[in-house]
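Written below as structure tokens is the structure these notes are about.
Where a number appears in this text, it was derived from the coordinates with a stated rule and is not lab data. Being a predicted model, the structure only gives us computed values, none of them experimental. Cβ atoms come from the backbone with ideal geometry, glycine included; neighbour counts cover every protein chain shown.
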Amino acid sequence: MPRLAANRAGEMEVFVRVIEQGGFSAAAREFGLTPSGTSKLVTRLEARLNTRLVNRSTRKLRLTPEGEAFYDRAVRILSDISEAEREAAVGACPRGHLRVNSNVPFGRLYLAPLAPRFLALYPEVTLDLVLSDTVVDLMEERADVAIRVGPLRDSTLVARKLGASGMVVVASPDYLARCGAPATPADLADHLGVGWTFQRSIGAWPFRDGERAETISPPLVARASDGETARQLAIGGVGLARLGLFHVGEDIEAGRLVPVLEAFNPGDREDTHAIYLGQGGPLPARVRVFVDFLAANVRMPATSLRALTTGGWTVRQPVRPISPSG
């Protein structure tokens with residue numbers, strides 16, 4: 001019989017229970033077998049090992065030296081198997097390494113601040129945070145969880161929604177002082193913009209004027225690989241940028257950035273999801289508790305500028321353009 005075809009763990013378990021129960025009949029009752037079937041199983045085990053493990057008599061069983069060595073090792077192996085199953089079980093104490101891939105803004109605003117509390121709750125979990133706005137393949141990157149913003153592509157991945165955020169066009173007070181504020185989307189042709197080094201699902205910026213929808217963007221003077229870099233470029237006065245309110249809400253409150261063209265905001269939102277490989281089966285405990293923790297603790301504050309201002313954040317008025325004469 002090939003080694004992989006033999007149920008070696010099952011044979012060990014029956015053998016150990018025969019020895020611990022002191023006979024074939026008691027062990028047979030535990031496994032729903034007949035005494036003769038249990039005896040034959042031990043005989044087959046001895047034949048496969050080519051050694052006698054038990055000396056039999058009509059009244060008792062006595063282990064041979066080889067049987068004693070096999071019994072001791074089998075007990076340890078069965079204990080290790082039970083421990084491995086407990087650790088892998090859905091209800092087990094979360095432990096092990098957890099690799100999370102996230103876009104930079106969400107990582108900075110949510111994952112990094114929440115990580116200490118999560119690790120305090122689950123001290124046997126270690127966390128690996130990888131921040132990049134590049135959409136990664138979870139299997140290739142060996143990531144357990146990824147954070148995705150925007151529409152999700154059809155896939156076999158499981159998604160858990162964490163929140164949604166409105167979008168806003170912003171500029172720094174310095175930029176507005178130098179270049180003025182666009183009054184209509186058409187004015188963007190005379191402005192500078194910050195864009196992306198990668199393709200987004202919505203390329204040009206969408207606007208709505210009553211029933212009329214249009215997409216238009218300013219000429220790009222700079223491109224960024226991630227939202228945090230785009231935010232920093234906008235704060236630095238490089239140009240206009242269209243970013244999520246969850247990302248720039250505190251900058252608007254502090255006056256570092258100023259919303260523009262809000263009268264033409266189409267009200268679109270970007271959903272944020274935690275995605276992971278589910279495949280219909282149970283999740284490792286470390287993944288399950290992490291996704292549950294994010295769902296319970298992530299609070300994305302604004303879906304629109306109106307919600308942002310009524311939620312306690314005060315939006316400062318745009319800076320008036322300064323004429324060349326001062």
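Overview of results
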| item | result |
| --- | --- |
| Which of TYR175, TYR71, TYR276 has the fewest Cβ neighbours within 10 Å, and the rest in rising order | TYR71, TYR276, TYR175 |
| Karplus-derived 3J(HN,Hα), 6.51/-1.76/1.60, for each residue of the range 238-254, Hz, glycine and proline x | 5, x, 6, 9, 10, 9, x, 4, 4, 7, 10, x, 5, 5, 5, 4, 7 |
| Amide H contacts of TRP196 (H built 1.01 Å from N, under 5 Å, at least 5 apart or other chain) | ALA224 |
| Label-zone membership for the range 93-122, site ASP174, 7 angstrom Cα→C-beta point, backbone N under 15 Å | none |
| Built amide H within the under 5 Å cut-off of ARG95, gap 5+ | ARG286 |
| 5 angstrom amide H check on ASN103, placed H, neighbours 5+ away | SER132, ILE147 |
| Residue-by-residue Karplus 3J(HN,Hα) for the range 108-125, coefficients 6.51, -1.76, 1.60, Hz, glycine and proline x | 5, 7, 10, 5, 4, x, 7, 4, x, 5, 4, 5, 5, 6, 10, x, 8, 9 |
| Highest to lowest packing among 167-174, 94-101, scored as the average C-beta count within 10 Å | 167-174, 94-101 |
| Relative contact order computed over the range 3-88 (Cα-Cα under 8 Å; 6+ residues apart), in percent | 25 |
| Which of LYS161, LYS60 has the fewest Cβ neighbours within 10 Å, and the rest in rising order | LYS60, LYS161 |
| Whole-Hz couplings from phi, Karplus 6.51/-1.76/1.60, listed for the range 265-271; x for Gly and Pro | 5, x, x, 6, 10, 10, 7 |
